[in-house]
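Right, I'll just put the structure down here and ask away after.
The values are calculated or read from the model by the stated rules, or taken from the named source; none is laboratory data. Bear in mind the structure is a predicted one, so any value in this text is a computation, not a measurement. Here the Cβ positions follow ideal geometry from the backbone for every residue, glycine too, while neighbour counts run over all protein chains shown. Ligands, DNA and RNA are stripped out before the accessible areas are found, and what is left, the full protein with its side chains, is counted by its heavy atoms. Shrake-Rupley method; radii C 1.70, N 1.55, O 1.52, S 1.80 Å.
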Amino acid sequence: MKRGRLPLTALRSFEAAGRHGSFSKAAEELFVSQAAISRQIRDLEALTGTPLFERLHRKVVLTESGSQLLQQVSESFDAIDRALDRAMAAPHRPMVKVSVEP
């Protein structure tokens, strides 16, 4: 899959839902509706061709595929977060450009 096609919003929704074990709690964390989380997960499941959650009464449980994906997505998001922290901590050297007439 090309990176331009990565479903980042769906992966973010999936990660929050998997961590909380709840679409509703994921929705609260991400400030979206529960229906939006459910739709994002459904789209991700269609893309992967496999169920990522078992939907039970008032909770969801990760499938084996979902558990494996959650581990990789969480590690990847953590690595991105660390890289952003390093980039923000790097000293910023302002550049001054001077333009003069010949």
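Relative to the Cα centre, what is the charge dipole magnitude of the chain, using +1 at the beta carbon of each Lys and Arg, -1 at the beta carbon of each Asp and Glu, and rounding to the nearest 20 debye?
So the magnitude is around 160 debye.
Any idea of the accessible area per residue across the chain, 1.4 Å probe, to the nearest Å²? Kindly include the intermediate steps, with their values, before the conclusion.
Details: 7950 Å² over 102 residues.
Here the per-residue accessible area is 78 Å².
Calculate log10 I(q)/I(0) of the stretch 58-102 for q = 0.19, 0.28 Å⁻¹, where I(q) comes from the Debye formula with a single equal point scatterer on each Cα and nothing for solvent.
Those come out to -0.76, -0.97, one per q.
With viscosity set to 0.890 mPa s and temperature to 25 °C, compute the Stokes-Einstein D of the chain, Rh being the Kirkwood radius across alpha carbon pairs; µm²/s, no decimals.
Roughly 156 µm²/s, to the nearest whole number.
For the stretch 17-22, what does the Karplus curve 6.51 cos²θ - 1.76 cosθ + 1.60, with θ = phi - 60°, yield as ³J(HN,Hα) per residue in whole Hz, taken in order and with x for Gly and Pro?
5, x, 5, 8, x, 7
Connecting C-alpha atoms closer than 10 Å in a GNM of the chain, tell me which of Leu84, Leu69, Leu44 has the biggest fluctuation.
Greatest mean-square fluctuation among the candidates belongs to Leu84.
Heavy-atom accessible area of Ser67 with all protein chains present, probe 1.4 Å, nearest 10 Å²?
About 60 Å², rounded to the nearest 10.
Something else now. What residues qualify as long-range amide H neighbours of Thr63, i.e. H under 5 Å apart, gap of 5 or more or another chain, H built at 1.01 Å from N?
Residues meeting the amide H criterion: Phe53, Glu54.
Quick check: residue separation of Arg5 and Leu47 times 0.36 nm, minus the Cα distance between them. What number comes out in nm?
14.0 nm
Taking the Cβ of Ser24 as the centre, find all other residues whose Cβ is under 15 Å away and add up their charges (Lys, Arg: +1; Asp, Glu: -1). Before the final figure, lay out each step's value.
Working: positive: Arg19, Lys25, Arg39, Arg55, Arg58, Lys59; negative: Glu28, Glu29.
Taking every other residue near Ser24 into account, the sum is +4.
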